[in-house]
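**Student:** Once you've had a glance at the structure underneath, I'll fire off some questions.
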Amino acid sequence: MPEPLTPDVVAKVADLAMLELSDDELQTFTAQLAAVLEHAHDVEELDVDDVAPTHHPYPLQNVMRTDDPHPAVDAEVAAAALAMAPSVEDGQFRVPPALGEEP
């Protein structure tokens with residue numbers, strides 16, 4: 001059995017995922033994630049050496065449509081949308097940098 005999951009580990013994972021968790025959420029999610037990982041460990045321990053590989057029971061077929069290029073947005077509509085934007089640069093919406101990155 002792997003070592004038990006601690007709130008510190010869950011807090012680290014939440015930090016990596018840029019999630020802010022309250023103490024109550026941290027306790028709740030620690031218990032829930034521990035249960036999920038325990039189940040995964042149980043499944044991992046199953047002996048499936050004698051189980052034949054399976055496949056989908058129904059025949060599958062990819063349905064493809066023709067790729068007909070066409071303008072995504074009418075130029076007049078795009079110009080109207082850009083005119084209402086708080087910030088525009090080079091004919092595109094200017095948005096704040098993500099994740100604190102410098103522009």
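**Student:** Output the residue which, of all residues in the stretch 1-38 that are touching a helix residue (DSSP H, G or I) at 6+ places or on another chain (Cβ under 6 Å) and outside any helix (DSSP H, G or I), is farthest from L99 (Cα to Cα).
**Tutor:** Across the stretch 1-38, the extreme among qualifying residues is L5.
**Student:** Follow-up. Within the stretch 95-103, can one find any residue that is under 27 Å from the mean Cα position of the chain (by Cα), without any contact (Cβ under 8 Å) to a residue 40 or more places away in the chain and surrounded by 10 or more Cβ atoms within 10 Å (Cβ to Cβ)?
**Tutor:** yes
**Student:** Return a yes/no flag: does the stretch 24-33 have any residue that is surrounded by fewer than 10 Cβ atoms within 10 Å (Cβ to Cβ), closer than 30 Å to P4 by Cβ and modelled with pLDDT of 95 or more.
**Tutor:** Yes, that holds for at least one residue.
**Student:** For the stretch 76-86, which positions are under 30 Å from the mean Cα position of the chain (by Cα), surrounded by 10 or more Cβ atoms within 10 Å (Cβ to Cβ) and at pLDDT 90 or above?
**Tutor:** A81, L82, A85, listed by residue number.
**Student:** Are any residues in the stretch 1-29 among the polar types (S, T, N, Q) and touching a residue at least 12 places away in the same chain (Cβ under 8 Å), and if so, which ones?
**Tutor:** Matches in the stretch 1-29: T6, Q27.
The values are calculated or read from the model by the stated rules, or taken from the named source; none is laboratory data. Since we're looking at a predicted model, the values are computed, not measured. For neighbour counting, all protein chains shown are included, and Cβ atoms are generated from backbone atoms with ideal geometry for every residue, glycine included.
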